[in-house]
Amino acid sequence: MIKGLVFVLLLVLGFYGDLFWAHPTSFGWSDLSGMEGEIFKQIRLPRALVSFFAGASMALSGQLIQSSTRNPLSSPSILGINASASFFVCAYLVMDKQSKGISLLGASFFGSFLGGCLLFLMGHFVEVKKYPERIILVGVCLGIMMSSLTNLVVILDENNTQSLVYWLLGGVDGKTWAEIKWLVIPFVFCFSFSLFLIRPLDALKLGDEMVLMLGYHPQKIRLFCLLLSLLLVSAVVATCGPLAFLGLIVPHLARKLFGEDMKKLLPLGTLFGGLFLIYADWFSRYIQFPYETPVGILSGLLGGAYFLYLSIKENVANV
Amino acid sequence: MFKKRMSFKMTFIMVFCSLVLSTLLSLKSGGVGHFSWNEIYHFLFSGTLESNFVLGELRLPRILLCWIIGPLLATSGVLFQSLTKNPLGSPDILGVNSAGSFMGISFILYFSFLPSWFLPLSVFMGGLFCGLVIYFLSTTKKISSTRLAIIGVAIHILFSSLIQLLISLKSLEIQTALTWLSGSFWGKGMEELRWPFLLAIGFILTPYFFIKKMNVLIFDDETIVGLGENLSSIKFLLLLLAVLCSSLAVSLTGPVGFVALLAPQIARNLTDNNIQKILPLASLISVLLLLWADGLGRSLFPPLEIPVGVVTCFLGAPFFLFILMRKNRLEKRRGLV
């Protein structure tokens, strides 16, 4: 009960802070009319909502991947899916500067789907079924391949290098109402589907044979989780660019806060992800006030440090 | 059981011949101009290097750079692999190169008022810090080789985020910074390469003084001490040398990925487990890899030039997985799995 109250309070505080504080021109709740009201409605509110839904999508996707592969180190950015989606979006942006909306989403989904297929293929090569920890190395290789291609594209397109690099850092600034629906619709779709996966994911923790005995098919569950994650990641990458590491840190923190029970963990962890990104966006504005710092930098630094800590700590990676 | 290998002499001669051939091919190919074999012969033996602009100023420095960077990276890779006793140990995977390039980028973007020899120095400091951390971790018994690679990857990712932070804070010279970060051989003249060439020869030849002692690193620590060798000084010296080699390479062209990992592995496959044979062979193979990567980058889509680092990363990553797979199969065959 108390935890729930604290959670709601933090959520309200986060939204309030992101909407009203740490902006170059600050105003309060009371003078929300006229021009300030317009700024609020057209700029700040969509940005806060994009932060929330992007964070929630990445958190959900990370949770699905971590539960289905039973590997606490895995996340869409480490497995290279982020990198493949962003490569395709970059290539698409280079070819057609003004594309927005569904075409970007399509390119992004194609990229993440291709990344998933390559992951499977290369993992099969390295016999990942026998050595499950190798999926991380496979994912890292895929990530390196895709990001080298992305670098190539960015370097070759000299006119747009600056804006592309800025986009690649992953940020939520400057998002408008038009782009929100391409984030919210996939999120709502995937979230409702994942509610059906709560029981099977709980069962998956017990091992594949137990899952079969309980009546679920483990490979189908994994495939479903992966597909949902791919859709979520592609939605986030198409709107905000690759937000590094959110899919890794947030599930870990959520597990510490809410326990291991999927019934509570999945929905609450998702909300916690949204909360996390709202706070990250708010605090990232303090780094170079009054200039914008893309929130992807903050999440990359925090996530990188946390990933390092996790890989050094024993009995986490089961390697 | 064990497949019949060529004798070491034959392998060496074959690699050397293909190296000479590749050098000549590399001189000939490229996007800017077409030269016949006659002209190239003339150029090489005419006595002066200024006789031909494209060959002398554009292509020859790049080829010379391959010949410098290759043995540097290969030596560093072989030394790291022996030190960490891990076939996946190499300065790029273990994050040493990224720590060095982080310091290098901060020098380029923020401290360019200092004299230019500060660049190799800063890269070296970053690389040494990371190398010490990795070395410390690898001596802990509880860390398996895959986990060491994952830790190295974590360090690499952390420093890459730091580099991104730096780039975003100072966005005026993004293009230069990014090109440097992908490992590019572009734009070096013969004059700039003089000092690095001499330094590189020094660094590459130094391991050959202790090469007989280096073989002893195959064994574990107690055995080495039992054989009467001074364990910590050997290890520290070799670590220093490895970081020196890779920092010089990184400071010249930025981090070129995967060569330091693959060249020693290929050399190990072509000959037996003797460092006296692996080190020179790996150096030659790395030059071969770099010549081909550079040549491909220049010739695939003329006049576009793909940086060498991009080619090596793109082709090297699946090759690295292929090596993992082979290691897997070999272990199965020998009954270790």
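The values are calculated or read from the model by the stated rules, or taken from the named source; none is laboratory data. Note that the coordinates shown come from a computational prediction; the quantities given were computed from them, not determined experimentally. When we count neighbours, we look across all protein chains shown, and the Cβ atoms used for this are built from the backbone with ideal geometry, even at glycine. Each accessible area value is taken on the protein alone, full model and side chains, heavy atoms only, with ligands, DNA and RNA left out. Shrake-Rupley method; radii C 1.70, N 1.55, O 1.52, S 1.80 Å.
Going by average Cβ density within 10 Å per residue, which order do the peptides B:277-286, B:118-127 take, highest to lowest?
Descending packing order for the listed peptides: B:277-286, B:118-127.
State the percent of C-alpha pairs, over all pairs in the protein assembly as shown, separated by a distance greater than 45 angstrom. Don't jump to the answer; show the numbers that get you there.
Details: 49741 of 214840 pairs.
Considering the protein assembly as shown, 23 percent of its Cα-Cα pairs are separated by more than 45 Å.
Dividing the Cα radius of gyration by the Kirkwood radius, what Rg/Rh value follows for chain B?
0.97
Suppose a student asked you for the relative contact order of segment A:54-198, using Cα pairs under 8 Å spaced at least 6 residues apart; what percent would you report?
Relative contact order, segment A:54-198: 29 percent.
Name the longest site-free stretch of chain A, where the excluded sites are GluC sites (Glu not before Pro) in a DSSP loop with no more than 16 other beta-carbon atoms within 10 Å.
Counting at most 16 other Cβ atoms within 10 Å as exposed, the longest clean stretch of chain A is A:128-259.
Could you give each residue of segment A:254-268 its phi-based ³J(HN,Hα) in whole Hz, using Karplus coefficients 6.51, -1.76, 1.60 with θ = phi - 60°, and x for Gly or Pro?
In residue order, the calculated couplings are 5, 5, 5, 7, 10, x, 9, 6, 5, 4, 8, 5, 5, x, 5 Hz.
Just tell me how shielded A:131-142 is by partners: mean number of partner chain Cβ atoms within 10 Å of each residue's Cβ, no decimals.
Partner Cβ neighbours, averaged per residue: 5.
Calculate the translational D of segment B:115-203 in whole µm² s⁻¹ from Stokes-Einstein, where the hydrodynamic radius comes from the Kirkwood formula applied to all Cα pairs, the temperature is 37 °C and the viscosity 0.692 mPa s.
Approximately 205 µm²/s, per Stokes-Einstein.
Could you work out what % of the accessible surface of segment B:242-291 is carbon and sulfur, using a 1.4 angstrom probe and leaving DNA, RNA and ligands out of the count?
Values: 580 of 960 Å².
Of the solvent-accessible surface of segment B:242-291, carbon and sulfur hold 61 percent.
Using the alpha-carbon centroid of each, what span in Å lies between segment B:107-179 and segment A:221-235?
33
Divide by every residue of chain B the summed helix terms, -39500 (n - 2.57) for each DSSP H run of at least 4, and state the resulting mean residue ellipticity at 222 nm, rounded to the nearest 500 deg cm²/dmol.
-23000 deg cm²/dmol
How well do other chains shield peptide A:164-176, expressed as the mean number of their Cβ atoms within 10 Å of each residue Cβ?
2
Helix A:81-95 versus the longest principal axis of chain A: what angle, 0 to 90°, nearest 10, using Cα atoms?
The angle comes out near 50 degrees.
Grab the other residues whose beta carbon is less than 14 angstrom from that of B:Ala263, score K and R as +1, D and E as -1, and report the net.
Spelling it out: positives minus negatives among the neighbours equals +1.
Over chain A, with a Gaussian network built from C-alpha contacts below 10 Å, which listed residue (A:Phe224, A:Phe52, A:Phe196) shows the highest mean-square fluctuation?
Maximum fluctuation in the GNM of chain A, among the listed residues, is at A:Phe196.
Against the longest alpha carbon principal axis of chain A, how many degrees, from 0 to 90 and to the nearest 10, is the axis of helix A:2-20 turned?
On a 0 to 90 degree scale, this one is about 40.
Run the helix sum for chain A: -39,500 (n - 2.57) per DSSP H stretch of 4+ residues, divided by residue count, reported at 222 nm to the nearest 500 deg cm²/dmol. Walk me through the numbers on the way to the answer.
Working: 14 runs with 231 residues, N = 319.
Helix-only estimate at 222 nm: -24000 deg cm²/dmol.
For the protein assembly as shown, what does the accessible surface come to per residue with a 1.4 Å probe? Please give it in Å².
Per-residue accessible area for the protein assembly as shown comes out at 45 Å².
Just to be sure I understand: if you take the accessible area of chain B alone plus chain A alone and subtract the pair, with a 1.4 Å probe, what total do you get in Å², rounded to 100? Walk me through the intermediate numbers first.
Values: alone 17710 and 15810 Å², together 29400 Å².
The summed interface area works out to 4100 Å².
Dipole of the protein assembly as shown, Cα-centred, from +1 at each Lys and Arg C-beta and -1 at each Asp and Glu C-beta, to the nearest 20 debye?
It works out to roughly 2080 debye.
Please turn the phi angles of segment A:156-172 into ³J(HN,Hα) values with the Karplus equation 6.51 cos²θ - 1.76 cosθ + 1.60 (θ = phi - 60°), one per residue in order, whole Hz, x for glycine and proline.
Working through the residues one at a time gives 6, 8, 5, 5, 10, 4, 4, 5, 5, 4, 4, 5, 5, 6, x, x, 10 Hz.
Once you've got the GNM for chain A with C-alpha springs shorter than 10 Å, pick whichever of A:Leu231, A:Leu214, A:Leu298 has the biggest mean-square fluctuation.
Answer for the Gaussian network model of chain A: A:Leu214.
Inside 10 Å of the C-beta atoms of A:74-82, what's the mean count of C-beta atoms belonging to other chains? Walk me through the intermediate numbers first.
Details: counts 0, 0, 0, 1, 4, 0, 1, 0, 0.
For peptide A:74-82, the averaged partner shielding equals 1.
Express in nm, to one decimal, how much length is gained between A:His124 and A:Tyr216 on full extension, taking 0.36 nm for each residue of separation and deducting their alpha carbon distance.
Stretched out fully, the A:His124 to A:Tyr216 stretch lengthens by 30.8 nm.
In Å, what Rg and Dmax follow from the Cα atoms of chain A?
When restricted to the Cα atoms of chain A, Rg and Dmax are 19.5, 64 Å.
Pairing the Cα long axis of helix A:102-125 with the longest principal axis of chain A, what angle in degrees results, from 0 to 90 and rounded to the nearest 10?
Here the helix axis deviates by roughly 30 degrees.
Which of the helices in chain B meet the span-like rule: DSSP H, Cα axial reach of 20 Å or more, Kyte-Doolittle mean at least 1.6?
Helix filter hits for chain B: B:8-28, B:118-139, B:145-169, B:231-253.
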